[in-house]
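K.L.:
Please see the structure below; I have some questions.
The values are calculated or read from the model by the stated rules, or taken from the named source; none is laboratory data. Predicted model, so just to flag it, every value in this text is computed and none were measured. Cβ sites come from the backbone with ideal geometry, for glycine too, and all protein chains shown count toward neighbours. Side chains included, ligands, DNA and RNA excluded: accessible areas come from the protein's heavy atoms. Shrake-Rupley method; radii C 1.70, N 1.55, O 1.52, S 1.80 Å.
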Amino acid sequence: MSPKTLTDGTRTGAEQGPSAASAKKWWILAVVALAQLMVVLDATIVNIALPSAQADLGFSDGNRQWIVTAYALAFASLLLLGGRIADLFGRKTAFLIGVVGFAAVSALGGAATNFEMLVTARALQGAFGALLAPAALSLLNTTFTDAKERAKAFSVYGAIAGAGGAVGLLLGGILTDALDWRWTLYVNVAIAVVAFAGGWLLLSNHRDAANSKLDVPGTVLVAAGLFSLVYGFSNAETHDWDSPQTWGFLIAGGALLAAFTWWQTRAAHPLLPLRILLDRNRAASFLAVLISGAGMFGVFLFLTYYLQLNLGFSPTKTGVAFLPMVAALMVAAQIGTTALVPRLGPKAVIPLGFAIAAVGMAWLTGLGVGSHYVSAVLPQLVITGVGLGLVMPPAMQLATGGVAAEDAGVASATVNAMQQVGGSIGTALLNTLAASAAADYLVGKNPANKLVQAQATIESYTTAFLWSAGFFAAGAVIAFLLFRRGVPQQDADAAPVVHM
């Protein structure tokens with residue numbers, strides 16, 4: 001890009017010198033990645049600390065799930081609104097407010113003196129996360145426009161999005177064991193200070209959709225629809241599927257989202273312009289993120305149970321046990337986004353990733369009561385990590401690639417919403433299927449027998465792993481059918497402008 005001088009003699013944004021501009025991009029990536037890590041790991045970091053928090057604050061087993069669900073409900077239902085706010089009022093503003101707000105309510109949760117205070121803080125975390133996450137992803141989308149640099153940036157971002165849950169388990173275990181459960185929330189303050197300082201110094205507040213207006217009816221419809229959908233699936237974990245609190249909210253969520261889609265074709269300033277969804281590769285990428293989010297919970301949730309309850313791992317050791325998967329995911333992410341997709345295209349790479357992940361999860365179904373980590377868990381984790389590394393970062397890159405700058409925030413929010421809804425679906429379905437498998441195994445047997453009970457637990461885990469493998473196998477087929485052949489070419493007219 002040749003230097004341009006404005007009428008007042010100053011040089012524009014990214015044209016202050018190629019080396020300075022390039023260095024600034026990578027510092028922006030570091031800040032964005034740190035903020036994204038804070039949001040993603042918070043979905044799991046509190047899980048390991050829940051027993052300690054419950055003992056300290058004295059809330060019931062029935063209320064325990066709301067510490068997790070409150071975050072998911074607020075995050076999922078407000079994501080599209082958060083993304084549009086970033087487009088309308090500036091990504092720097094949205095990013096910094098999101099970081100400060102997330103840190104403040106994290107401190108509130110860490111200082112909680114009762115259940116109500118903690119669950120309120122978790123809901124507010126989800127709300128500020130819904131503002132922060134789309135702003136972070138859209139900042140990458142508008143900062144990295146060179147194909148090679150963009151691939152590297154999204155390999156890092158996608159790896160964090162995919163491995164953040166495992167990092168949360170590790171960090172949650174370490175903080176709970178070494179300090180106190182409250183530090184699983186206080187740690188966000190330290191992360192936020194660094195992210196805020198970097199964002200304040202490096203980012204500029206360009207408003208790409210400044211001439212648009214907020215679609216209030218669309219915001220209400222999609223927020224209520226996503227809330228109902230996630231709430232319905234959450235209720236499936238604590239109620240039967242035939243409970244009105246389950247199917248009633250699921251039907252309501254589907255109806256509200258259908259109404260939202262209809263309204264987007266009529267609104268003068270739609271919250272989610274349908275042009276974002278009509279690109280074939282982008283739509284396939286959204287589905288890939290949703291399916292991978294659903295299947296990943298078969299890894300994190302049930303394998304965490306197995307490692308702690310069956311193998312006797314401590315919370316810290318459990319987190320460490322996931323590190324090989326994180327490493328494999330990050331290496332595969334780099335190879336997939338920078339080497340394979342640019343040469344082979346997503347139609348070859350993403351289905352391959354899903355197939356590899358399916359093999360890893362299917363192999364995990366061989367777990368038994370007397371299995372060992374090194375032989376029965378570690379190889380499968382590495383294989384699954386490789387597969388997910390070939391799916392999530394390329395899918396996230398393609399889901400936001402070629403989007404006009406004024407739509408970058410809402411497109412990024414849609415990616416996050418797909419991952420969150422996928423996780424809610426996966427958690428509900430896999431928990432239900434696992435519980436049914438354990439109950440079926442106990443039929444006609446003595447449940448007081450410890451060996452019988454242990455085998456019933458193994459049956460529940462392996463059933464969840466098998467269904468996760470099924471999700472990934474379905475993802476391989478869907479991705480192969482939907483992605484276009486060839487290497488994706490970015491439309492020069494739609495390419496976002498660098499705003500730093």
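K.L.:
Which helices (runs of 4 or more DSSP H) does the range 292-384 wholly contain that include 3 or more residues that are surrounded by 19 or more Cβ atoms within 10 Å (Cβ to Cβ)? Before you say what the answer is, go through the steps one by one.
P.N.:
Details: elements: 315-321, 323-335, 341-344, 346-364, 373-376.
Fully inside the range 292-384 and qualifying: 315-321, 323-335, 346-364.
K.L.:
Here's something else I'd like to know. Give the residues of the range 449-481 that are open to solvent by less than 60 Å² (accessible area, probe 1.4 Å) and within 21 Å of LEU287 (Cβ to Cβ), sorted by residue number.
P.N.:
Result: SER468, ALA469, GLY470, PHE471, PHE472, ALA473, ALA474, GLY475, ALA476, ALA479.
K.L.:
Next question, about the same structure. Looking at (1) within 25 Å of GLY232 (Cα to Cα); (2) modelled with pLDDT of 75 or more, which is the one condition that is false for LYS24?
P.N.:
Checking LYS24 against (1) within 25 Å of GLY232 (Cα to Cα); (2) modelled with pLDDT of 75 or more, the one that fails is (1).
K.L.:
Looking only at the range 167-186, which residues are closer than 17 Å to VAL68 by Cα and outside any helix (DSSP H, G or I)?
P.N.:
TRP181, ARG182
K.L.:
Has the range 441-448 got any residue that is over 30 Å from LEU352 (Cβ atoms), in a helix (DSSP H, G or I) and open to solvent by 50 Å² or more (accessible area, probe 1.4 Å)?
P.N.:
As a first pass, look at the range 441-448 and keep what is over 30 Å from LEU352 (Cβ atoms): 441-448.
The next check asks that each one be in a helix (DSSP H, G or I); those that pass are 441-442.
Going one step further and asking which of them are open to solvent by 50 Å² or more (accessible area, probe 1.4 Å), we end up with 441.
So far as the range 441-448 goes, yes, one or more of its residues are over 30 Å from LEU352 (Cβ atoms), in a helix (DSSP H, G or I) and open to solvent by 50 Å² or more (accessible area, probe 1.4 Å).
K.L.:
Which residue pairs have Cβ atoms closer than 8 Å, lie 6 or more positions apart in sequence or on different chains, and pair a first residue in the range 267-278 that is of a type outside the set (Lys, Arg) with a second residue that is surrounded by fewer than 13 Cβ atoms within 10 Å (Cβ to Cβ)?
P.N.:
Every condition considered, the pairs that remain are ALA268/LYS213; HIS269/LYS213; LEU274/THR265.
K.L.:
Might you check whether a residue that is under 30 Å from GLY385 (Cα atoms), modelled with pLDDT of 90 or more, open to solvent by less than 90 Å² (accessible area, probe 1.4 Å) and not hydroxyl-bearing (Ser, Thr, Tyr) occurs anywhere in the range 484-494? Walk me through it before giving the result.
P.N.:
Residues of the range 484-494 under 30 Å from GLY385 (Cα atoms): 484-490.
With the extra rule that they be modelled with pLDDT of 90 or more, the set shrinks to none.
Within the range 484-494, none of the residues are under 30 Å from GLY385 (Cα atoms), modelled with pLDDT of 90 or more, open to solvent by less than 90 Å² (accessible area, probe 1.4 Å) and not hydroxyl-bearing (Ser, Thr, Tyr).
K.L.:
Kindly provide the set of residues from the range 387-436 that are buried (at least 24 other Cβ atoms within 10 Å of the Cβ) and over 28 Å from LEU132 (Cα atoms), ordered by number.
P.N.:
If the condition is that a residue be buried (at least 24 other Cβ atoms within 10 Å of the Cβ) and over 28 Å from LEU132 (Cα atoms), then LEU430 is the only one that fits.
K.L.:
List pairs: first in the range 380-396 and free of Cβ contacts under 8 Å to residues at least 24 places away in the same chain, second open to solvent by less than 10 Å² (accessible area, probe 1.4 Å) and part of a helix (DSSP H, G or I), Cβ under 8 Å, 6+ apart or cross-chain?
P.N.:
Short answer, once both residue conditions are applied: GLN380/GLY360; GLN380/MET361; GLN380/LEU364.
K.L.:
A further question on this structure: Of the conditions (1) at pLDDT below 80; (2) within 23 Å of the chain's Cα centre (by Cα); (3) among the aliphatic types (A, V, I, L, M), LEU221 clears all except one; give me its number.
P.N.:
(1)
K.L.:
Give the range 47-58 a look and list any residue that's modelled with pLDDT of 75 or more and either open to solvent by 10 Å² or more (accessible area, probe 1.4 Å) or touching a Leu at 6+ places or on another chain (Cβ under 6 Å) (or both), or say none.
P.N.:
Within the range 47-58, the first condition is being modelled with pLDDT of 75 or more, and the residues that meet it are 52-58.
If the condition is that a residue be modelled with pLDDT of 75 or more and either open to solvent by 10 Å² or more (accessible area, probe 1.4 Å) or touching a Leu at 6+ places or on another chain (Cβ under 6 Å) (or both), then SER52, GLN54, ALA55, ASP56, LEU57, GLY58 are the ones that fit.
K.L.:
If you don't mind, another one. Could you grab me the full set of residues in the range 171-186 that are aliphatic (A, V, I, L, M) and open to solvent by 30 Å² or more (accessible area, probe 1.4 Å)?
P.N.:
LEU171, ILE174, ALA178, LEU179
K.L.:
Residues in the range 245-275 that are farther than 18 Å from LEU78 by Cβ and open to solvent by less than 10 Å² (accessible area, probe 1.4 Å): how many?
P.N.:
Summing the residues that are farther than 18 Å from LEU78 by Cβ and open to solvent by less than 10 Å² (accessible area, probe 1.4 Å) in the range 245-275 gives 2.
K.L.:
Still on this structure: Six or more apart or on different chains, Cβ atoms under 8 Å: show the pairs whose first residue is in the range 463-488 and under 18 Å from GLY422 (Cα atoms) and touching a residue at least 12 places away in the same chain (Cβ under 8 Å) and whose second is open to solvent by less than 40 Å² (accessible area, probe 1.4 Å) and part of a loop (DSSP other than H, G, I, E, B).
P.N.:
Note: pairs meeting the criteria are PHE465/LEU367.
K.L.:
From the list PHE115, PHE102, which one is within 19 Å of ALA192 (Cβ to Cβ) and of a type in the set (A, V, I, L, M, F, W, C)? Please lay out each step first, then the result.
P.N.:
Working: PHE115 fails: within 19 Å of ALA192 (Cβ to Cβ).
Going through PHE115, PHE102 in turn, just one is within 19 Å of ALA192 (Cβ to Cβ) and of a type in the set (A, V, I, L, M, F, W, C): PHE102.
K.L.:
Is it the case that the range 219-233 has a residue that's buried (at least 23 other Cβ atoms within 10 Å of the Cβ) and among the β-branched types (Val, Ile, Thr)?
P.N.:
yes
K.L.:
Additional query: Considering only residues that are within 23 Å of ASP56 (Cβ to Cβ) and in a loop (DSSP other than H, G, I, E, B), look in the range 100-157 and name the one that is least open to solvent (accessible area, probe 1.4 Å).
P.N.:
Restricting attention to the range 100-157, the residues satisfying the condition of being within 23 Å of ASP56 (Cβ to Cβ) are 102-126.
After this cut, where a residue has to be in a loop (DSSP other than H, G, I, E, B) as well, the list is 111-114.
Details: ALA111: 47, ALA112: 0, THR113: 104, ASN114: 61 Å².
My answer is ALA112.
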